[in-house]
Amino acid sequence: MKENTASDNSNQSPVYSRNIVELVTVVVEYCTYLEQSEGKEREDFCDKLLKVLSLLYLKAALTPKYEILDEEYYAEDYVTEENYDIVRSNVAYILGEKDDYLDVFVEDMKYSDSPILSTISENLADIYQEVKNFAMRYKNAADEQQMLDSIALCKEEFQYSWGQKLVNVMRALHEVRYSESEEY
């Protein structure tokens, strides 16, 4: 499944391929930015997140799909409820009254005639939790097989969970960013 280029070492493990390294790099940038978001200005915050989220989606989409091979693989969670709440609270504070948005692409929508109220802060914190856990699993893996299993799980979670949240929240962030400023 590894793409070969002239500069690739043909014996190189897929866990060190360009796509995977770039995914991990963008994940770390996203998580670090959210962890250090306290005190950011709303317009700058939204502007930076729109760019990072775009890259995150692209890098996750370019990541090959792998199967989890280790039946004993335990996907440890590193993000605590406190970490999650700090990120969510900081984002909610920055966005203020602009945190809420109507979402039509949520599971509950099929049981409703009207859009569901969502918050940017909760969606960003949900994405943070999943990708931060991936980054920590990848970093702390005992061997390349565990690294590959963490990549496989990340790709699966992207496909079924945080990828949809990411595109939904980008629409809301776009509205906040470009409705507030005359300057584009």
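Structure above, values below:
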| quantity | calculated |
| --- | --- |
| Top-ranked residue of the range 30-44 - restricted to ones that are outside any loop (DSSP other than H, G, I, E, B) and touching a helix residue (DSSP H, G or I) at 6+ places or on another chain (Cβ under 8 Å), ranked as farthest from Tyr128 (Cα to Cα) | Glu43 |
| Scope the range 47-74; condition exposed (fewer than 15 other Cβ atoms within 10 Å of the Cβ) and part of a loop (DSSP other than H, G, I, E, B); matching residues | Pro64, Lys65, Glu67, Leu69, Asp70, Glu71, Glu72, Tyr74 |
| Index of the failed condition, Lys40 passing every other in (1) surrounded by 17 or more Cβ atoms within 10 Å (Cβ to Cβ); (2) touching a Leu at 6+ places or on another chain (Cβ under 9 Å); (3) of a type outside the set (A, V, I, L, M); (4) modelled with pLDDT of 95 or more | (2) |
| Any hit, the range 54-67, residues being over 30 Å from His174 (Cβ atoms), at pLDDT below 95 and of a type in the set (Lys, Arg) | no |
| Residue among Asp108, Asp113, Asp149, Asp85 that alone is part of a loop (DSSP other than H, G, I, E, B) and either at pLDDT 95 or above or charged (D, E, K, R) (or both) | Asp113 |
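The values are calculated or read from the model by the stated rules, or taken from the named source; none is laboratory data. Please read these numbers as outputs of a predicted model, since none were measured by experiment. In this analysis, Cβ positions are derived from the backbone assuming ideal geometry, glycine residues included, and neighbour counts consider all displayed protein chains.
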